[in-house]
Amino acid sequence: MTKTVAYHWHLRKIMGEHGMFATTDLVPLLADRGVVMNASQVYRIVSGTPERMNMQLLAALCDIFGCTPSDLIEPYVAASSRRGRKTGTTDKAKPPTSGSKNRPTRAVIKPAGD
């Protein structure tokens, strides 16, 4: 069994708890702390789950909201039952047996006179 490590990103929730609902409100607060980002970059950080993050950005967010990194990032381990590579054939339906009612019958072509 393999373990998959993932995380929940709570920036949107923490912003809401501080009465901040527009992502553009965060741009000047970050700039005051030396993190210069445009509005679309901040929107992506707030609305999505970042795969990579600059440590200065993380420290600035913690300073702005008076929180710790563990308030923003909640890691969890999800167990995966995969034992090998998936081939795409493991979940396919089996072909019907010969006595199945849903199986098509072969067409018989008869001569025109019969």
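The table below lists the values:
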item: Pair list, Cβ < 8 Å and 6+ apart or interchain, from the range 18-44 residues that are on the phi > 0 side of the Ramachandran plot to residues that are outside any loop (DSSP other than H, G, I, E, B) and of a type in the set (D, E, K, R); result: none
item: Tally, over the range 1-23, of residues that are closer than 16 Å to residue 60 by Cβ and over 23 Å from the mean Cα position of the chain (by Cα); result: 2
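None of the figures in this text is laboratory data; all of them are computed from the coordinates on show. Since the structure is predicted, the reported quantities are computational estimates derived from the model, not experimental observations. All Cβ positions, glycine included, derive from the backbone under ideal geometry; neighbour counts span all protein chains shown.
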